[in-house]
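Report on the structure given below.
The values are calculated or read from the model by the stated rules, or taken from the named source; none is laboratory data. Keep in mind it's a predicted model, so treat the numbers as computed, not measured. Glycine gets a Cβ as well: all are built from the backbone with ideal geometry, and neighbour counts include every protein chain shown. For accessibility, only protein heavy atoms count, side chains too; no ligands or nucleic acids. Shrake-Rupley method; radii C 1.70, N 1.55, O 1.52, S 1.80 Å.
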Amino acid sequence: MGFFGFKSSREVEEEKRKAAEEAARRVEQNNLTNLSNLSKGSQLNFAIPYFDVFDPRLQDYGVPVAVHGAIVYAIEDMDLFHSVNRNEAYSDETFKNKLRGQLTKFIKSVVVNAPIDAQIPVVQIERKIMEISELVQQRVMPQVEKLFGITIRSLDITSINIDKESRGYRELKALTADLEKERMMAQHNAQISNFNLNNDLQQDMLRKQSSLNLDAMGRKQELDLGGQEELQRMNLENQRETMRIQREEMQRASRLQTEQTFMGAHQANLNAGVLNNAMDNGINAFRQQPMGGMGHVSKTQLTLPTNSRV
């Protein structure tokens with residue numbers, strides 16, 4: 001203690017040293033608390049103010065676009081986080097500001113190039129929020145995780161706003177409407193042209209098919225006529241053969257009948273001849289006998305043969 005209650009310079013320096021140590025201890029404690037909170041997960045909302053986006057079809061007209069979203073991240077590998085951020089202060093607010101700045105840079109790059117990369121018209125970019133959000137997740141998340149040594153659990157674009165009062169939007173909208181009208185007219189004309197072409201092709205195909213059908217019908221008729229003629233010829237041959245067989249059978253039957261008739265007449269003639277001979281023999285024998293001996297004519301001499309054959 002110095003004279004008259006004043007502190008000596010040594011005492012002042014000692015108090016300053018102790019105060020600095022206390023401040024450093026508090027900062028370290030705060031950093032540990034912040035890291036503990038980050039390891040559990042933290043959410044950061046971000047808002048990117050208006051920036052110009054250009055349609056690839058009309059690159060002279062920039063349209064102001066603003067993007068809003070949210071990121072949820074955590075520290076899962078503390079060693080990696082320390083190695084990446086070893087020279088940085090671990091103030092939660094400082095870290096979030098730095099993270100917000102990098103997100104703004106990366107997301108603006110994705111949105112500016114979306115009309116070309118994803119073929120999204122600028123005047124329709126508000127309705128394509130899902131497609132742009134997917135592009136942001138694919139391209140921004142890996143870069144941020146590598147840059148800060150953190151794990152991003154989600155990164156979503158919640159809204160995309162166009163300044164529809166801006167001159168660039170109004171001019172682009174008018175020109176886009178004209179281009180859309182021209183495109184629709186060209187598409188309509190192309191459809192009509194394709195319809196006419198298809199109609200001509202179909203008519204030509206129908207004519208060719210009709211010609212082929214007629215030729216096929218003509219050949220079929222020729223084949224049918226030839227087949228009918230052949231069938232008629234075969235039927236005629238069969239009829240002739242049948243008639244020939246019938247004629248031969250009739251001739252054979254007639255011949256057999258004639259032979260049988262002849263045999264019957266011949267047999268009758270033979271029988272008649274035998275009977276005549278027998279009668280002649282009997283009469284002669286009767287004449288040769290005396291009248292008195294007529295009653296003694298033997299039965300043998302008067303017997304007529306019945307089954308004599310020539």
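Pairs from the table (K105/K128; K108/K164; K105/K164; K108/K173; K18/K146) lying more than 30 angstrom apart at Cα are K18/K146.
Translational D (Stokes-Einstein, µm²/s) of segment 206-249 at 25 °C and 0.890 mPa s when Rh comes from the Kirkwood sum over C-alpha pairs? After rounding, the answer is 191 µm²/s. For R233 and S210, the FRET efficiency from 1/(1 + (r/R0)^6), where r spans their Cβ atoms and R0 equals 35 Å, is about 0.55. Our estimate of slack between A66 and T242, defined as 0.36 nm per intervening residue step minus the Cα-Cα distance, is 52.8 nm. How many angstrom separate the Cα center of segment 129-153 from the Cα center of segment 54-73? Here the two parts' Cα centres lie 17 Å apart. Taking label points 7 Å from Cα along the Cα-to-Cβ direction, R86 and Q267 give a separation of 14.7 nm.
Rounded to the nearest whole Hz, the Karplus-based 3J(HN,Hα) values (6.51 cos²θ - 1.76 cosθ + 1.60, θ = phi - 60°) of segment 118-128 follow the sequence 10, 6, 10, x, 4, 5, 10, 5, 5, 7, 9, with x at glycine and proline. Overall, segment 39-113 carries a charge dipole of about 80 debye about its Cα centre when +1 sits on the Cβ of Lys and Arg and -1 on the Cβ of Asp and Glu, all other atoms neutral.
Residues within the reach of a label modelled at S254 (point 7 angstrom out along Cα to beta-carbon, backbone nitrogen below 19 Å), restricted to segment 212-242, are 240-242. State the percentage of accessible surface on segment 80-182 attributable to carbon and sulfur atoms; use a 1.4 Å probe and exclude ligands, DNA and RNA. C and S atoms contribute 48 percent here.
E222 contributes an accessible area of around 130 Å² to the protein surface, as traced by a 1.4 Å probe with all chains present.
Between S166 and any residue 5 or more places off or on another chain, the built amide H atoms are never under 5 Å apart.
Our coupling estimate for segment 247-256, obtained by passing each phi through the Karplus curve with A = 6.51, B = -1.76, C = 1.60 and θ = phi - 60°, is 4, 5, 5, 5, 4, 5, 5, 5, 5, 5 Hz, Gly and Pro reported as x. Counting only residues at least eight positions apart within a chain, or on another chain, the aspartates and glutamates with an alpha carbon under 14 Å from that of K208 are D200.
With R₀ set to 30 Å, the beta-carbon distance separating K146 from E126 gives a calculated FRET efficiency near 0.45.
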